[in-house]
Amino acid sequence: MKPISRRAVITSGLAAAGVAGLAVADRIAGRHGLIPPDCRGIYGAGETLTYAAHRLVTRDSKAREFPRNMISKNPFANETAPPSDQFKKLQAGGFSDWRLTIDGMVAHPMTLSLADLRSLPTHSQITEVACEEGWSYVAEWIGTPLSGVLREAGVLPQVRYLKYFSIQPEWSDSIDMADAHHPQTFLTMGMNDGELPVGFGGPLRLRVPRQLGYKSVKYITRITATDEMKFQGEYAWFAGI
Amino acid sequence: METPRHSALVRVTHWLTVISFVALLVTGLEIVISHPRFYWGETGNVNMKPLFTIPIPSSRDTVPTGYGYVMPDQNGWSRYLHFESAWVLVLTGLVYGIASLLNGHFRRDLVPERGERTLGAHWRRIRQYVRRKAPDADEVQSYNVLQRTTYLVVIFVLFPLVIWTGLALSPSFNAAFPWGVNLLGGRQSARTLHFFVTWALVLFFVVHVAMIAVSGFWKRTRGMITGHAEPQEEAMVTKEVA
C-alpha cells in the first residue's frame, strides 16, 4: 500500500473542515437571518456575503445625517411612470382619500389616512438619497417612523419581511425587519419644511436611508407583513451594498 | 524538483485576481454608463454642475448627454456581478496578503533589496527599459527594483484605495463607518476617486501585459500557470505548433 503523504492528510483534512464549516455556517446564518431572498443563482454567493456582513456589522447603525446647510438646493426628483388615473383622482381631492393599508401577519390590520399618520409622532432627518445610477442629493425628510405604526398594528413575531406597494402599478419592494424597525425608516409626508412634492414621492413615500434610492418607494398605499418571500427582480434585493 | 518560478499560492491568487478584476472593470464601466458624470463633494446630480463628464451616451434618458441615443440598461446583473467579484477580490487579497507576510514572499521578492532603495536605482532601471537593453543577470530569477516598487504600490496602495473608495459608496457601510466616506470628502468625491484609482489599476494592467508580451507572452503566462517557464515545456509547445 502506498504510504499516505503528509500533503494528502493536510489537504483532505482542510477539505473536510471546509465542508463541515460551510454546513455549520449555513445553519447559523439561517437561524440569525443572514440569508437574503436572492441567495440562489450565480450571484447568490456574493449577495449572501454582502447581506450577512451587513446584518452582522451594521444592523443598528444610523445613516449619516447632515447639517441644514448641506440640504441640496437642486434635488433631482428622477422620473416616474405617468400617474395612474387612480392617482390623479386622489390628487384632485388633495389626497384626503389617500389610504395606507397595513395587513398580512399583524394582530390588528388597519387602514390609515394621511391625517391619521400626521397625528402620530413627527420626526425629521436630513439624509442623502443615493441612486444606484450614481447621483445623489441631501434633503430633510419629515414623517413618522414606520416602527411606531408597526407597533400599533402588532406585527407577529414570526414576520421576517415587509412588502410595500406603490399606487403605481407593478411598483413594490420589501425590506427585512432590521430595516423595518430601524428608527430612520420613515413614512415620509414632508420634505425640506414643506409637503412632500409629488415628484419626490408625495403624498407618502417610505424612506429607507441606509439603502439605495430604489428601496425608498414612492406613493405607498399598502404594507404587508410576511414570513416568507420569493424574490423576482432584476436588481439586488438588499441595496445597502 | 526545481523551485517553481511562482509559488502555487501566487499563481492561484494571481488568476483569481485577474478574473475578478476584469469582471469588476467591465461591470463598473457598465454602471458608469448610467450616469457618466462626476462630481466633487457629498452630492451630485443632473441639476448640479459636474466636475467632468465622459462624452458617451448614457443608459438613462434622464442624463443630458447631448446624444439622442439611450444605451440599453444592464445595471441589474452588472451590479450583482460587481459586488460578487469584489468579494472574490477582497478574500483573495486577504489570503495572499496574510500568507505572503507569513512565508516571507513580500520580504524576499517584493521589498526592494538593501542598496536599491533609492530614486537613483529606480531611474537606472527606467533608462534600461527605455533603451531596451537586455535585463541584468540578476533579473532572471527575481524582480528588479522598479518591478518591486510597482507591485508594492499596486498591492498596498491602489487595491486598498479602490476597495476603500468602493466601500464608501455603500450607504449601509457609511452608516456604520461614517469616517470612511467623510475622509474622502463625501460620497461623490469617493465615486470620482473610485473611478480614478480604477484607471491607475488599468494603466498597471496594460503596462504589465505589455511587458509580458515583450519578454515572451506564452513563456511568462505558462510560468504563472504551471510555475515553470523553462525548457522542456517550451520545446513541447514548439513541436506541437510545428
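Test of understanding: among B:111, B:70, which residue is away from chain A (no Cβ under 13 Å) and over 27 Å from residue A:47 (Cβ atoms)? Spell out the reasoning first.
On the way: B:70 fails: away from chain A (no Cβ under 13 Å).
Step by step, each of B:111, B:70 is checked, and only B:111 is away from chain A (no Cβ under 13 Å) and over 27 Å from residue A:47 (Cβ atoms).
When only residues in the stretch B:34-49 that are in contact (Cβ under 8 Å) with a residue 40 or more places away in the chain and at the interface with another protein chain (Cβ under 7 Å from one of its Cβ atoms) count, which is farthest from residue A:136 (Cα to Cα)?
Among them, the one singled out is B:34.
Hey, any hits in the stretch A:111-124 for a residue that's within 30 Å of residue B:165 (Cα to Cα) and touching a strand residue (DSSP E or B) at 6+ places or on another chain (Cβ under 9 Å)?
yes
Does residue A:152 fit the bill of being within 14 Å of chain B (Cβ to nearest Cβ) and at pLDDT 95 or above?
Details: within 14 Å of chain B (Cβ to nearest Cβ): no; at pLDDT 95 or above: yes.
No; evaluated as a whole, the condition is false for this residue.
Mind checking which pairs have a first residue in the stretch B:79-103 that is facing another protein chain (nearest Cβ under 8 Å) and a second that is charged (D, E, K, R), Cβ under 6 Å, 6 or more apart or different chains?
Nothing qualifies.
Could you tell me whether the stretch B:114-126 includes any residue that is touching a Lys or Arg at 6+ places or on another chain (Cβ under 9 Å), in contact (Cβ under 8 Å) with a residue 12 or more places away in the chain and within 23 Å of residue B:4 (Cβ to Cβ)?
No, there is no match, as no residue in the stretch B:114-126 is touching a Lys or Arg at 6+ places or on another chain (Cβ under 9 Å), in contact (Cβ under 8 Å) with a residue 12 or more places away in the chain and within 23 Å of residue B:4 (Cβ to Cβ).
Could you check the stretch A:190-228 and list, in sequence order, the residues that are polar (S, T, N, Q) and on the phi > 0 side of the Ramachandran plot?
Listed by number, the list holds a single entry, A:192.
Give the number of residues within the stretch A:112-126 that are touching a helix residue (DSSP H, G or I) at 6+ places or on another chain (Cβ under 9 Å) and under 16 Å from residue B:175 (Cα atoms).
From the stretch A:112-126, those touching a helix residue (DSSP H, G or I) at 6+ places or on another chain (Cβ under 9 Å) are A:112, A:117, A:120-121, A:126; that's our starting set.
From what's left, under 16 Å from residue B:175 (Cα atoms): A:126.
The qualifying residues number 1.
Identify all residues within the stretch A:16-36 that are within 23 Å of residue A:163 (Cα to Cα) and either surrounded by fewer than 20 Cβ atoms within 10 Å (Cβ to Cβ) or more than 18 Å from the chain's Cα centre (by Cα) (or both); write none if there are none.
A:29, A:30, A:31, A:32, A:33, A:34, A:35
Using the structure shown, decide if residue B:129 is more than 20 Å from the chain's Cα centre (by Cα) and hydroxyl-bearing (Ser, Thr, Tyr).
It is true that residue B:129 is more than 20 Å from the chain's Cα centre (by Cα) and hydroxyl-bearing (Ser, Thr, Tyr).
For the stretch A:200-233, give me each residue that is in a strand (DSSP E or B) and among the charged types (D, E, K, R). If you could, list the steps in order and put the result at the bottom.
In the first step, residues of the stretch A:200-233 are kept if they are in a strand (DSSP E or B); the result is A:205-207, A:220-226.
Result: A:205, A:207, A:222.
If we keep just the residues of the stretch B:176-188 that are facing chain A (nearest Cβ under 10 Å) and assigned to a loop (DSSP other than H, G, I, E, B), which is farthest from residue A:61 (Cα to Cα)?
Only one residue tops the list, namely B:186.
Need pairs with beta-carbon distance below 6 Å; first residue surrounded by 10 or more Cβ atoms within 10 Å (Cβ to Cβ) and within the stretch A:89-101, second among the charged types (D, E, K, R); sequence gap 6+ or separate chains.
What qualifies is A:90/A:97; A:101/A:222.
State the number of residues belonging to the stretch B:189-242 that are out of contact with any Leu (no Cβ under 8 Å at 6 or more places or on another chain) and either modelled with pLDDT of 95 or more or in a helix (DSSP H, G or I) (or both).
Qualifying residue count, the stretch B:189-242: 36.
Which count do you get for residues in the stretch A:44-81 that are at the interface with another protein chain (Cβ under 9 Å from one of its Cβ atoms), touching a residue at least 24 places away in the same chain (Cβ under 8 Å) and crowded, with 17+ Cβ neighbours inside 10 Å?
Adding up the residues that qualify gives 12.
The values are calculated or read from the model by the stated rules, or taken from the named source; none is laboratory data. Owing to the predicted nature of the structure, the values given are computational and were not obtained by experimental measurement. Note that each Cβ is placed from the backbone with ideal geometry, even for glycine, and that neighbours are counted across all protein chains shown.
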